[in-house]
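Below is one structure, written out as structure tokens, with a few remarks after it.
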Amino acid sequence: MNNLEDLTTKATEIRIKLIKMIKTANTGHTGGALSSVDILVSLFYRIMNFDVSNPNWIERDRFLLSKGHSVEGYLCVLADLGYFPESELDTFSAYKSRLIGHPTRKVPGIEMNTGALGHGLSVGVGMAIAAKKLGQKHRVFTLMGDGEQAEGSIWEAAMAAAHYKLGNIVAIIDRNYLQISGNTEDVMSLDSLEEKYSSFGWNTINVAGNSISELCQTFESIDYSGTKPTAIIARTTKGKGVSFMENNAKWHHGVPKDDEYAAALNELNNCLKS
């Protein structure tokens, strides 16, 4: 899928599916799932190489959702692509369902169990080193939260990626400025993330993280055969797509009431029509 208009439509469809899934399950990390949808759609529907019929294809690009609590959009994308039946989304967080509140390798298309924050980049660095050693051309994409940047293991991985000259790894930070405790700058100041990653030896790019056109242009401009890892600071809006959820920390984890659910779906469906 290369048409930007189609990608934008797909992002709205994924937002509708994840809202329905959270409402059915009566649980979910709504805000961060909504903010990261455009990143997921850009990667899975235009940038990454993979084979749904062969999830373990050796040449596939690897994607790691380090901010594993925002799994809802990721699961909706995998179901939409055909990794598992879409009807299974209705079992999210239910007893004995493999679709739990975080990514698990029991689900086709998922590379790594995540949940404890701060580990995705370290595993991604290991995958990128392995690819280099084996002479393989696949790329590794790791999506992290901004609050997650307070984890020290991320910076150990950042040093290693630069040291081993891993141009085949991309770290994407969902920079929505909100975490469960409130504004990231009140909890643990992060700015300037661009300067931090640059000082660690990374190629650093600041983008509008809810602009699919800008995201695709950025991903397509990266020299994946180079010697510098790339960090993309994706400036997003928490709760993107549902106006009353946007920039509201209370929706980090939350289930819409019936009237809120109807309002959210109405807003997103109107977006599709327009």
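Expressed as a rounded percentage, what relative contact order does the chain have, with Cα pairs under 8 Å and six or more residues apart?
Numbers: 535 pairs, mean separation 65.5, N = 274.
Taking the mean separation of contacting Cα pairs over the length of the chain, I get 24 percent.
If I model a spin label as a point 7 Å beyond the Cα along the Cα-Cβ vector, how far apart are those points for residue 137 and residue 217 in nm?
2.7 nm
Under a 10 Å cutoff between Cα atoms, tell me which one of 140, 207, 170 has the largest fluctuation in the Gaussian network model of the chain.
Maximum fluctuation in the GNM of the chain, among the listed residues, is at 207.
State the answer as a single residue: which of 190, 213, 203 lies farthest towards the positive end of the charge dipole of region 182-235, with beta carbon charges of +1 for Lys and Arg and -1 for Asp and Glu, about the Cα centre.
Toward the positive end, the furthest listed residue is 203.
Using Cα springs under 10 Å in a Gaussian network model of the chain, which residue among 223, 38, 258 shows the largest mean-square fluctuation?
The residue with the greatest mean-square fluctuation here is 258.
Quick one: net charge of residue 131's neighbours, Cβ under 14 Å, K/R +1, D/E -1?
Values: positive: 60, 62, 132, 133, 137, 139, 165; negative: 59, 61, 111.
It works out to a net charge of +4.
Would you work out which of 68, 243, 52 lies farthest towards the positive end of the dipole of the chain? Charges go on Cβ: Lys and Arg +1, Asp and Glu -1.
52
When the chain is treated as a GNM, springs tying every alpha-carbon pair under 10 Å, which of 221, 181, 93 comes out with the largest mean-square fluctuation?
221
Roll a 1.4 Å probe over the protein chains and send me the accessible area per residue for the chain in Å².
Numbers: 11580 Å² over 274 residues.
Value for the chain: 42 Å² per residue.
What pairs in 17/273; 10/67; 23/250; 23/106 have C-alpha atoms more than 18 Å from each other? Could you put the intermediate results ahead of the total?
Working: 17/273 16 Å; 10/67 22 Å; 23/250 16 Å; 23/106 23 Å.
Exceeds cut-off: 10/67; 23/106.
Using only the Cα atoms of region 58-205, build the gyration tensor, take square roots of its eigenvalues as a ≥ b ≥ c, and label the shape rounded, prolate or oblate: rounded if a/c is under 1.5, else prolate if a/b is larger than b/c, else oblate. Walk me through the intermediate numbers first.
Details: a/c = 2.42, a/b = 1.24, b/c = 1.95.
The shape class here is oblate.
Determine the dipole magnitude for the chain: charges of +1 sit on the beta-carbon of Lys and Arg, -1 on that of Asp and Glu, nothing else is charged, the reference point is the Cα centre, and the result goes in debye to the nearest 20.
So the dipole magnitude of the chain works out to roughly 680 debye.
Tell me, what HN-Hα J-couplings in whole Hz come from the Karplus equation 6.51 cos²θ - 1.76 cosθ + 1.60 at θ = phi - 60° for each residue of region 196-213, using x for Gly and Pro?
4, 5, 4, 5, 8, x, 9, 6, 10, 10, 9, 9, 7, x, 10, 9, 5, 5
In the full protein assembly as shown, how much of residue 271 is accessible to a 1.4 Å probe, in Å² to the nearest 10?
Residue 271 exposes around 70 Å² with every protein chain in place.
With axes computed from alpha carbons, what is the tilt in degrees of helix 258-273 against the longest principal axis of the chain, rounded to the nearest 10 within 0 to 90?
70 degrees
Quick check: from the Cα gyration tensor, does region 1-58 come out rounded (a/c under 1.5), prolate or oblate?
Oblate, because a/c is 1.5 or more while a/b does not exceed b/c.
Just add up the charged neighbours of residue 76: K/R +1, D/E -1, any other residue whose Cβ is under 10 Å from the Cβ of residue 76.
In short, -1.
Determine the shape class of region 1-119: with a ≥ b ≥ c the square roots of the Cα gyration tensor eigenvalues, call it rounded for a/c under 1.5, and otherwise prolate if a/b is greater than b/c, oblate otherwise.
Values: a/c = 1.44, a/b = 1.15, b/c = 1.26.
Since a/c stays below 1.5, the shape of region 1-119 is classed as rounded.
Distance from the Cα centre of region 1-57 to that of region 113-185, in angstrom?
20 Å
Pull up the DSSP beta bridges for the chain and report the antiparallel fraction as a percent, rounded to 5. Don't jump to the answer; show the numbers that get you there.
On the way: 2 of 24 bridges.
Antiparallel: roughly 10 percent of the beta bridges in the chain.
The values are calculated or read from the model by the stated rules, or taken from the named source; none is laboratory data. These numbers come from a predicted model, not from an experiment. Counting neighbours? That spans all protein chains shown, and the Cβs are built from the backbone with ideal geometry, glycine included. These area figures cover heavy atoms from the full protein model, side chains too; ligands, DNA and RNA do not enter into them. Shrake-Rupley method; radii C 1.70, N 1.55, O 1.52, S 1.80 Å.
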